[in-house]
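Notes for the one structure printed next.
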Amino acid sequence: MKIKPISSYSKMSKLAAKIVAEQIINKPNTVLGLATGGTPLGMYRELVKLYKKGELDFSKVTTFNLDEYLGLSLEHPQSYHYYMYENFFNHVNIEEKNIHIPKGDTKDPVQECLNYEREIEKVGGIDLQVLGIGVNGHVGFNEPNINLEARTHVIQLSNETIRANSRFFKNLDKVPRKAITMGMATIMKSKKIVLMAWGIEKKKPILKVTSGHIATEVPASLLQVHNDVILIVD
Ligand code: F6R
């Protein structure tokens, strides 16, 4: 794991955007794995800036988002669909057909997971996966547990995650209890991974991710087994 210490949120965002931009310049038909949440917002802003300056072309890029809440319509302002279009896709020249986000309003979540995994395989896997980390050490919505699911699956969100994410909802009761998430094996198969962590509440999980110990109770600690992870951290 390569650790890149940074001193500000803006520096973290710029460095992550630079890594993504270099990847796209070197391989225009890159397959990107994308995250939502507070952490990557600045990175998306930087990528949009690079696109507007004419320095980046997303026309051949394919994307797969890590996760989506189950039970929210695609138009719901807290759905990850809404977030991705609002903060990124509406502002760059990515092709609609190349965008993939698990469908949280699906009638058949299990089939949706199988289809999602198949779509990732069909394009030859993810070249560069962008990750944030939960206060409980989750990546995607792979929650701490003695057992982890390898592939894309339906997950029951932990109380800690529901509490942490309630800041985006009117109240705790409005936070969905379930989500679809890529599994740890799906994530680990990415050729390259960029993990960003910013803020004091991420100190505890990040110390575990760099501890040398691997535990399914800290899903992000599995990243220590991957041979091309860049951790950008304050
Ligand atoms: C989001 C995701 C989550 C977040 C994590 C951190 O798609 O997969 O793992 O990256 O919960 O969220 P923030 O950045 O809001 O602290």
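The values are calculated or read from the model by the stated rules, or taken from the named source; none is laboratory data. Nothing here was measured: the structure is a model prediction, and the numbers come from that model. So basically every Cβ, Gly included, is an ideal-geometry build from the backbone, and we count neighbours across all protein chains shown. These area figures cover heavy atoms from the full protein model, side chains too; ligands, DNA and RNA do not enter into them. Shrake-Rupley method; radii C 1.70, N 1.55, O 1.52, S 1.80 Å.
Considering each residue of the range 103-156, count those that are under 30 Å from Asp234 (Cβ atoms) and either within 16 Å of the ligand (Cβ to nearest atom) or without any contact (Cβ under 8 Å) to a residue 24 or more places away in the chain (or both), and give that number.
21
Select from the range 20-47 the residues that are surrounded by fewer than 18 Cβ atoms within 10 Å (Cβ to Cβ) and more than 16 Å from the ligand (Cβ to nearest atom) and write down the one among them that is farthest from Gln78 (Cα to Cα).
The extreme case among them is Asn26.
Return the only residue of Gly140, Gly54 being at positive phi, open to solvent by less than 20 Å² (accessible area, probe 1.4 Å) and at pLDDT 95 or above. Walk me through it before giving the result.
Details: Gly54 fails: open to solvent by less than 20 Å² (accessible area, probe 1.4 Å).
Going through Gly140, Gly54 in turn, just one is at positive phi, open to solvent by less than 20 Å² (accessible area, probe 1.4 Å) and at pLDDT 95 or above: Gly140.
Here are the criteria: (1) open to solvent by 20 Å² or more (accessible area, probe 1.4 Å); (2) within 13 Å of the ligand (Cβ to nearest atom); (3) over 16 Å from Lys178 (Cβ atoms). Tell me which single one Asn93 does not satisfy.
Result: Asn93 fails condition (2) only.
Return the residues of the range 99-122 that are under 18 Å from the mean Cα position of the chain (by Cα), open to solvent by 40 Å² or more (accessible area, probe 1.4 Å) and under 17 Å from Ala185 (Cβ atoms); say none if nothing qualifies.
Glu119, Glu121
So Leu223 passes all but one of these: (1) away from the ligand (no atom under 13 Å from the Cβ); (2) at pLDDT 95 or above. Which condition number does it fail?
(1)
Could you please find all residues in the range 184-203 being open to solvent by 90 Å² or more (accessible area, probe 1.4 Å) and either within 13 Å of Leu131 (Cα to Cα) or within 13 Å of the ligand (Cβ to nearest atom) (or both)?
Pass one, the range 184-203, residues open to solvent by 90 Å² or more (accessible area, probe 1.4 Å): 189, 191, 200-201, 203.
Passing the criteria: Ile200, Glu201, Lys203.
I'd like to check something: does the range 206-224 contain any residue that is farther than 18 Å from Gly104 by Cα and in a strand (DSSP E or B)? So that I can check it myself, show each step before the final result.
The first filter runs over the range 206-224 and keeps only residues farther than 18 Å from Gly104 by Cα, leaving 206-224.
Filter once more, so that each one left must be in a strand (DSSP E or B): none.
Checked against the condition, which is being farther than 18 Å from Gly104 by Cα and in a strand (DSSP E or B), the range 206-224 yields no hits at all.
Residue check, Lys174 against (1) open to solvent by less than 50 Å² (accessible area, probe 1.4 Å); (2) more than 15 Å from the ligand (Cβ to nearest atom), all met but one. Which one?
Unmet condition: (1).
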